[in-house]
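Working notes for the structure below.
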């Protein structure tokens, strides 16, 4: 294998693909990129055997071939080289030489035959979706995914698809986030797919706010996204997602609304003195005024007061301040509405006159 390429041309795909390469691996080859060069094009593949990302880029290939090289070392080398330099790659036995200007690096390799790839049969369904629309669905819900929960099906994001609706849902058992997009998908049947947490985070990294259309392939055991020269593939979590609609408050008539930016800033300040373990805050609603109070074990206290529009009796509410901030920060409107059936029930956090984004935060007893 022998090829040359400009530093800037290869650095961007390397930086993107290295995100799926785990720092600690069960197999040594998983610390490597698979680099394949042929037909004046190179492809760079990274995987952890659950998520795979392939980037293709044009290069001047003089000898076709493929091998695997240490991923993070190669990225660090390309980052450290000066702008505009041409990088030359040449395989010599079990080593790869990387030359640029007066610099010369020798990297060890492992055989390409040892590199695992996700075996993805042809997708059951392929849908076309606007890139920024898909990114919004993920941005508004991913924060509520569990991380390392023994209920493995919570460590990911549910794609709930029907002919005219694409919905994403995430929950960790303490809060829930849901986002809808009305769109014609032309599916043969309704689908429910759970994409693992790492796959979701990599998707968010690679998607932009572009209005271009991307192809999303959906199958029984994997999901595949093709965006330009990048191909993302992820295995799915084999499990049953909870009946999430049962925890969304219905007919929650008790509510109040306030300025979203103001309540976020107030909660951020109060959280400084909240309990380090429970992160609890108390909201005291009295005559269109909300008093936010936090205590900790050192008998320290933080208090903030906000003006609200109150459509419920005077009461006290308790929440985990981190969960509340995550839910509020994922909205876009200037005003936020918080609704509940009673002071001890879960709270629905929404934008006025918009049911497409719904966040639910469970109460906390203080």
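Some values worked out for this structure:
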read-out	value
Max mean-square fluctuation residue, GNM over the chain, Cα-Cα springs under 10 Å, options 297, 265, 240	297
Cα pair count fraction exceeding 13 Å, expressed as % - region 279-337	67
Kirkwood estimate for region 252-361, i.e. one over the average of 1/r between Cα atoms, Å	13.9
Bins of 10 Å, starting at 0 and running to the largest distance - Cα pair percent for region 70-124	18, 42, 22, 14, 4, 0
Percentage, to the nearest whole number, of Cα pairs in region 186-282 over 19 Å apart	68
Angle in degrees between helix 71-80 and the longest Cα principal axis of the chain, rounded to the nearest 10	90
With Cα atoms, 0 to 90° folded angle of helix 260-271 axis to the chain main axis	90
Calculated FRET efficiency for the pair residue 259/residue 301, C-beta based, R₀ 22 Å, to 0.05	0.40
Cα-based radius of gyration of region 125-246 once divided by 2.2 N^0.38 Å, which approximates compact folds	0.98
Descending Cα extents along the principal axes, region 68-164, whole Å	57, 32, 31
Helix-only CD estimate at 222 nm, as mean residue ellipticity for the chain, using -39500 (n - 2.57) per DSSP H run (n ≥ 4)	-5000 deg cm²/dmol
Relative pair counts by distance (%), Cα atoms of region 297-366, 10 Å bins	16, 50, 29, 5, 0
Region 2-114: translational diffusion in µm²/s, Stokes-Einstein, Kirkwood Rh over Cα pairs, 25 °C, 0.890 mPa s	177
Crossing angle, helix 7-17 versus the chain [Cα axis fit, 0-90 degrees, rounded to tens]	50
In nm, spacing of pseudo-spin labels at residue 184 and residue 272 (7 Å Cα→C-beta vector)	5.5
Semi-axes of the equivalent ellipsoid for the chain, Cα gyration tensor, largest first, Å	47, 24, 18
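Every read-out reported here was derived from the displayed coordinates using simple, explicitly stated rules and does not represent laboratory data. Predicted model only: the values in this text are computed from it and were never measured. Note: ideal-geometry Cβ built from the backbone for every residue, glycine included; neighbour counts use all protein chains shown.
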